[in-house]
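Here's the structure we're looking at; comments come further down.
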Amino acid sequence: MAFVQADRARQLELLRCEIEPTSWRTYVGVGGARLTLKPDLYAETATPPGSDYVDAAFIEIDMGTEHLPTLLKKCRDYESYRRQGIEQERADNTFPTVVWSMTADTEAKAKRRRAALRKAIAKDRHLPDGLFQIIAPHDLILAMQKGAEYDQ
């Protein structure tokens with residue numbers, strides 16, 4: 001809903017929006033296993049509206065119920081999918097940013113969870129810098145407007 005409102009307010013141009021299961025991506029993993037990446041949302045936006053530059057993102061919405069190891073496994077799944085090169089073939093050799101929109105029952109808990117995920121990603125030598133953005137839900141539109149320049 002935030003994307004539609006931002007598009008109507010001309011904060012960005014919503015070019016494409018897929019919710020699950022349309023946002024899901026199937027690929028072949030190690031040993032030929034058929035795997036499915038299941039983002040909550042996939043979005044492509046242009047900022048400012050009408051711009052030729054398009055930002056793409058897989059968006060994960062965490063309500064504070066998943067354990068950190070579960071979130072980290074999903075990050076590794078994104079990296080496995082990225083290494084397949086499927087999205088890059090579709091989009092000028094670029095892979096969408098993975099945006100984690102994280103909340104919890106209190107803002108303090110949400111901040112701790114966001115910090116813990118950032119730290120876990122940074123410590124994992126198999127996860128590339130810059131692939132993930134971890135944000136509060138109210139920062140989603142700003143993160144999409146700024147793309148890679150968004151300062152978490």
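The values are calculated or read from the model by the stated rules, or taken from the named source; none is laboratory data. Note that the structure is predicted; figures quoted are calculated from it, not measured. A quick note on method: Cβ atoms are made from the backbone with ideal geometry, for glycine too, and the neighbour counts reach across all protein chains shown.
Suppose we filter Ser101, Ser80 for residues that are of a type in the set (S, T, N, Q) and closer than 16 Å to Arg25 by Cα; which single one remains?
Exactly one residue qualifies, and that residue is Ser80.
Looking at Leu15, Leu68, Leu37, which one is under 22 Å from Arg118 (Cβ atoms) and out of contact with any Lys or Arg (no Cβ under 6 Å at 6 or more places or on another chain)?
Leu68 is the lone residue from the list that is under 22 Å from Arg118 (Cβ atoms) and out of contact with any Lys or Arg (no Cβ under 6 Å at 6 or more places or on another chain).
Out of all the residues in the range 108-115, is one or more touching a Lys or Arg at 6+ places or on another chain (Cβ under 6 Å) and either over 27 Å from Ala33 (Cα atoms) or not in a strand (DSSP E or B) (or both)?
Step one: filter the range 108-115 for residues touching a Lys or Arg at 6+ places or on another chain (Cβ under 6 Å), giving none.
No, the range 108-115 contains no residue that is touching a Lys or Arg at 6+ places or on another chain (Cβ under 6 Å) and either over 27 Å from Ala33 (Cα atoms) or not in a strand (DSSP E or B) (or both).
Filtering the range 130-152 down to residues that are within 14 Å of the chain's Cα centre (by Cα) and closer than 15 Å to Met63 by Cβ, which residue is surrounded by the most Cβ atoms within 10 Å (Cβ to Cβ)?
Ile134
Being out of contact with any Asp or Glu (no Cβ under 8 Å at 6 or more places or on another chain), aliphatic (A, V, I, L, M) and surrounded by fewer than 12 Cβ atoms within 10 Å (Cβ to Cβ) narrows it down to one residue among Ala33, Ala116, Ala104; which is it?
Ala33
Check Leu71, Leu127 and return the single one that is among the aliphatic types (A, V, I, L, M), assigned to a helix (DSSP H, G or I) and either surrounded by 12 or more Cβ atoms within 10 Å (Cβ to Cβ) or modelled with pLDDT of 95 or more (or both).
The conditions single out Leu71.
Being surrounded by 13 or more Cβ atoms within 10 Å (Cβ to Cβ), in contact (Cβ under 8 Å) with a residue 40 or more places away in the chain, aromatic (Phe, Trp, Tyr) and part of a helix (DSSP H, G or I) narrows it down to one of Tyr81, Tyr42, so name that one.
Exactly one residue qualifies, and that residue is Tyr81.
For the range 31-44, give me the residue count where each residue is under 19 Å from Pro137 (Cα atoms) and either modelled with pLDDT under 95 or among the acidic types (Asp, Glu) (or both).
Qualifying residue count, the range 31-44: 2.
Quick one: Thr94 ticks every box in (1) assigned to a loop (DSSP other than H, G, I, E, B); (2) more than 25 Å from Ile121 (Cβ to Cβ); (3) not acidic (Asp, Glu) except a single one, so which number is it?
(2)
Quick one: is Val28 surrounded by 12 or more Cβ atoms within 10 Å (Cβ to Cβ), modelled with pLDDT under 95 and not hydroxyl-bearing (Ser, Thr, Tyr)?
The answer is no for Val28.
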